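I have placed the structure first, in the form of structure tokens, so that the comments after it can refer back to it.
The values are calculated or read from the model by the stated rules, or taken from the named source; none is laboratory data. None of these values were measured; they are calculated from a predicted model. In this analysis, Cβ positions are derived from the backbone assuming ideal geometry, glycine residues included, and neighbour counts consider all displayed protein chains. All accessible areas refer to the heavy atoms of the entire protein, side chains included, with ligands and DNA or RNA removed. Shrake-Rupley method; radii C 1.70, N 1.55, O 1.52, S 1.80 Å.
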Amino acid sequence: MDITLRNVVKIFGSIKVLDGVSLSVPSGRKTALIGPNGSGKSTLTRILMGMLACEGEVLLDGLSPFARRERLARRMAYVPQSPPQLSASVADVVRAVARIRDLEERRIAVIAAQFDLDLGALAGRPIRALSAGMKQKLLIALALSSRADLLILDEPTASLDVSARARFFSLFAEMSGTATLLLCSHRLEEIQHLVEHVVALDGGRVIFDGPVETFLQTRAVSLMEVVTTRNSHADWLRAHGFRPAFGSSWVRSVARAEKMALLNEIVAQFDGDLDNVVIRDVETLSDKAWEARSCADG
């Protein structure tokens, strides 16, 4: 399913949540939709599902999700970040989805079993009584079994452990086929495993629209930690972007292409007063995430 957005604007009260968003996502492309909280990601996905009206033009395979919502909904599958607190039983939900999608219930059960989720044993339990991880596994099984033309996944592995995440990546690669993917995620591993393209939003505007490799290159940084027991270099370190960390350590982030030049400058400046330098290459999706990580490492 191809996605076309032309000058999409959404305003809530006095707040412009989406500000002239234009996108073209060809059928079959696996795309990550990223951005800080409040950037417009959730609003945009709700518009695509026909749940929110907006200004501008929105087309899915040339059809409006507002005028042809029922027809298009049958071709979409959605995994929300926060599963709904349904009182309906697992069996009732599986049966309903299977009927709407024209699927065999066994197909859903087989996929759920890949996550060690026994739908037979859980059949009589209400959805709201399941753990967060169980709910997420069930929703993923329903989505992957649907043969949808458009998959909208919002932090799909947020409640999964490491083993279940690995199974999800493997199943997605096996079962997603030619479906278009729109993945909302803050997780670098999801971006690396699932998508080929990245669209980044900030302040309701598109600030990046390109291949995942290009995007990740801009997020590749090094964490540099300098250890010195002499306070005489404190002013120099601060002037060069370092901040005090644990004990006698100072840390800062630096672009990978610039790290060797900075290291040579440090060695020359400290002239024997350097106790240690540790450099770790990392990748991050946002500057805020980087700051949090570097503080923790320090």
field: the range 44-55, subset touching a residue at least 40 places away in the same chain (Cβ under 8 Å) and of a type outside the set (Ser, Thr, Tyr), residue farthest from SER185 (Cα to Cα)
entry: GLU55
message: Which pairs turn up if I take residues in the range 160-173 that are in contact (Cβ under 8 Å) with a residue 24 or more places away in the chain and look for partners that are in a helix (DSSP H, G or I) and open to solvent by 70 Å² or more (accessible area, probe 1.4 Å) with beta carbon separation below 7 Å, at least 6 apart in sequence or on another chain?
response: PHE169/HIS193
Check on THR45, within 23 Å of VAL198 (Cβ to Cβ) and part of a helix (DSSP H, G or I): yes
query: Hey, does the range 62-70 have a residue that's over 22 Å from CYS184 (Cα atoms), more than 19 Å from the chain's Cα centre (by Cα), open to solvent by 30 Å² or more (accessible area, probe 1.4 Å) and of a type in the set (A, V, I, L, M)?
result: yes
Options LYS41, LYS10, LYS16: the member that is in contact (Cβ under 8 Å) with a residue 40 or more places away in the chain, open to solvent by 50 Å² or more (accessible area, probe 1.4 Å) and among the charged types (D, E, K, R): LYS16
- line: Exactly one of ALA73, ALA32 is farther than 24 Å from ASP209 by Cα and small (Gly, Ala, Ser), and that residue is ALA73
- request: Any chance you could count how many residues in the range 208-242 are outside any helix (DSSP H, G or I), surrounded by fewer than 19 Cβ atoms within 10 Å (Cβ to Cβ) and without any contact (Cβ under 8 Å) to a residue 40 or more places away in the chain?
  value: 5
message: Criterion first (out of contact with any Gly (no Cβ under 8 Å at 6 or more places or on another chain), modelled with pLDDT of 95 or more and not hydrophobic (A, V, I, L, M, F, W, C)) does GLY177 satisfy it?
response: no
message: Kindly evaluate SER248 against the criterion of being in contact with a strand residue (DSSP E or B) (Cβ under 8 Å, 6 or more places away or on another chain), touching a residue at least 24 places away in the same chain (Cβ under 8 Å) and closer than 25 Å to SER27 by Cβ.
response: no
message: Exactly one of these conditions fails for ILE34: (1) modelled with pLDDT under 95; (2) among the β-branched types (Val, Ile, Thr); (3) touching a Pro at 6+ places or on another chain (Cβ under 7 Å). Give me its number.
response: (3)
- prompt: Applying the selection to the range 174-204, what residues are open to solvent by 50 Å² or more (accessible area, probe 1.4 Å), touching a residue at least 12 places away in the same chain (Cβ under 8 Å) and either touching a strand residue (DSSP E or B) at 6+ places or on another chain (Cβ under 6 Å) or part of a helix (DSSP H, G or I) (or both)?
  reply: MET175, GLU189, GLN192, HIS193, GLU196
